[in-house]
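A.B. asks: Before I ask anything, let me first share the structure, which is written out below as structure tokens.
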There are 2 protein chains.
Amino acid sequence: MFSGSKIADLEDQVNSNMAKDTFHNIVRKSLEKEGWVITDDPLEVEVGGVEMYIDLGAERLLGAERLGEKIAVEIKSFVSPSNLSVFHLAIGQFFNYRIALEVQEPERVLYLAVPLGTYRDFFRKQFIQLVIQRSQLKLIVYDPVEEVIAEWKK
Amino acid sequence: MFSGSKIADLEDQVNSNMAKDTFHNIVRKSLEKEGWVITDDPLEVEVGGVEMYIDLGAERLLGAERLGEKIAVEIKSFVSPSNLSVFHLAIGQFFNYRIALEVQEPERVLYLAVPLGTYRDFFRKQFIQLVIQRSQLKLIVYDPVEEVIAEWKK
């Protein structure tokens with residue numbers, strides 16, 4: 001019924017979902033190590049008739065707080081055959097979540113969390129840097145091996 | 001090995017790929033009916049070390065021209081269990097393609113093509129309208145049944 005490559009695609013999908021959970025938990029732990037309190041997991045965002053948090057297939061947003069500072073974190077594992085596809089989706093979610101947060105809870109600042117390896121290999125490309133600048137993307141670079149935040153890019 | 005729901009997911013994926021081609025051809029034809037000449041299918045966009053047109057899983061961009069006016073069209077079928085997921089990806093691609101086009105070919109204007117039914121049911125939601133405003137999204141609303149452009153939203 002399905003060709004070998006389709007089954008491989010499906011296995012990729014299953015692996016990708018496992019990776020999502022794993023990386024989500026790593027970012028959670030890494031933030032806690034820096035003194036952040038996880039207040040919402042998932043962080044529910046609903047605005048103008050659209051419930052963002054029941055979005056099928058999307059990573060769940062994390063809400064955290066430290067010394068009165070509030071953040072929302074969109075976590076990407078970049079475990080995929082195409083970094084560019086993940087990046088497109090990440091940018092779209094970031095843009096939409098940011099607008100939704102501005103309506104719902106304007107004091108909460110949105111970050112995109114990306115693994116260190118992907119940051120080094122992919123995010124330093126000239127075009128990606130241009131998009132980061134233009135979209136005023138704030139990044140948390142996390143180290144999935146050491147389970148720490150490697151860098152905040154505000 | 002795989003549960004029924006996973007096989008259903010895979011079938012959705014196969015149907016979705018077929019829908020992509022069908023809707024792509026409908027938009028192509030609809031533009032031609034309005035006197036546009038299709039000049040690039042796919043339109044290749046490469047900038048800063050990133051080749052956008054070999055993006056896995058993404059719809060291919062269409063390049064068209066009429067009376068010296070040049071457009072690029074990102075076509076979405078919205079055949080998916082989640083309009084919101086497709087919308088996230090559409091916005092990310094639109095944002096990234098627009099930046100890439102500004103570098104590569106600034107005179108070419110990017111449009112997102114969406115089917116009439118999705119436009120009526122989903123794009124009129126308050127939040128989606130807010131995103132359209134904020135991202136200065138230009139839309140081509142196409143009628144997949146009549147195979148014509150229903151509306152240009154510039």
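The values are calculated or read from the model by the stated rules, or taken from the named source; none is laboratory data. Note that this is a predicted model, so its numbers are computed, not measured. Note that each Cβ is placed from the backbone with ideal geometry, even for glycine, and that neighbours are counted across all protein chains shown. To get the accessible areas, we keep the full protein, side chains included, count just its heavy atoms, and leave off ligands, DNA and RNA. Shrake-Rupley method; radii C 1.70, N 1.55, O 1.52, S 1.80 Å.
A.B. asks: Using DSSP to define loop residues, name the GluC sites (Glu not before Pro) in the stretch A:18-48 whose beta-carbon has at most 15 other beta-carbon atoms within 10 Å.
C.D. replies: A:Glu34, A:Glu44
A.B. asks: Moving to a separate point now. Under a crude label model (7 Å from the Cα following the beta-carbon direction), how far is B:Arg124 from B:Leu67 in nanometres?
C.D. replies: Modelled inter-label distance: 3.0 nm.
A.B. asks: Moving to a separate point now. Separation between the B:Gln104 and B:Glu34 pseudo-spin-labels, each 7 Å from Cα along Cα→Cβ, expressed in nm?
C.D. replies: Each label point lies 7 Å from its Cα, and together they span 2.2 nm.
A.B. asks: Okay, next question. In Å and on Cα atoms, what radius of gyration and Dmax does the protein assembly as shown show?
C.D. replies: 19.7, 61
A.B. asks: Taking amide hydrogens as modeled 1.01 Å from N in the peptide plane, which residues meet the under 5 Å criterion relative to B:Val45, leaving out close sequence neighbours?
C.D. replies: For B:Val45, whose amide H was placed from the backbone, the distant partners under 5 Å are B:Met52, B:Tyr53.
A.B. asks: For the stretch B:4-153, just the Cα atoms, rotate onto the principal axes and tell me the three extents in Å, largest first.
C.D. replies: Here the Cα extents, ordered largest to smallest, are 50, 37, 30 Å.
A.B. asks: Right, next: Would you mind telling me which residue in B:Leu84, B:Leu112, B:Leu43 has the biggest mean-square fluctuation in a Gaussian network model of chain B, where springs connect alpha carbons within a distance under 10 angstrom?
C.D. replies: B:Leu84
A.B. asks: Taking each residue of A:92-102 in turn, how many C-beta atoms of other protein chains fall within 10 Å of its C-beta, and what is the average?
C.D. replies: For this peptide, the per-residue mean of nearby foreign Cβ atoms is 5.
A.B. asks: Name the shape class, rounded, prolate or oblate, that the alpha-carbon gyration tensor gives for the stretch B:60-117, where a ≥ b ≥ c are the square roots of its eigenvalues, rounded holds for a/c under 1.5, and otherwise prolate holds if a/b is larger than b/c and oblate otherwise.
C.D. replies: It comes out oblate by the Cα gyration axes.
A.B. asks: Could you quote the convex hull projected area for the stretch A:98-154, Cα atoms only and averaged over all directions, in nm²?
C.D. replies: That works out to 4.4 nm², a quarter of the Cα hull's surface.
A.B. asks: Treat each spin label as a single point 7 Å out from the Cα along the C-beta direction, and report the B:Ser82 to A:Glu46 distance in nm.
C.D. replies: 1.7
A.B. asks: Ignoring ligands, DNA and RNA, how much accessible area is buried between chains B and A, both sides summed, with a 1.4 Å probe, to the nearest 100 Å²?
C.D. replies: Buried area between the two chains comes out at roughly 3500 Å².
A.B. asks: Report, in whole Å, the centroid distance computed from the Cα atoms of the stretch B:78-154 and the stretch A:55-115.
C.D. replies: Rounded to whole Å, the Cα centres lie 21 Å apart.
A.B. asks: Another question, if that's okay. Consider the operator that turns chain B into chain A: which B residue has a Cβ nearest its axis, and what is that gap in Å?
C.D. replies: B:Gly92, 1
A.B. asks: Rank B:Glu105, B:Glu65, B:Glu74 by mean-square fluctuation in a GNM of chain B with C-alpha springs under 10 angstrom and give only the top-ranked residue.
C.D. replies: B:Glu105
A.B. asks: Under a 10 Å cutoff between Cα atoms, tell me which one of B:Arg60, B:Arg108, B:Arg124 has the largest fluctuation in the Gaussian network model of chain B.
C.D. replies: Top of the fluctuation ranking is B:Arg124.
A.B. asks: Express the relative contact order of chain A as a whole percentage, based on alpha carbon pairs under 8 Å and six or more residues apart in sequence.
C.D. replies: 22
A.B. asks: Let me ask another. List the distances, in nm to one decimal, from the label point of B:Lys70 to the label points of the same position in every other copy, shortest first, placing each label point 7 Å from Cα along the Cα-to-Cβ direction.
C.D. replies: Result for B:Lys70, in nm, nearest copy first: 4.6.
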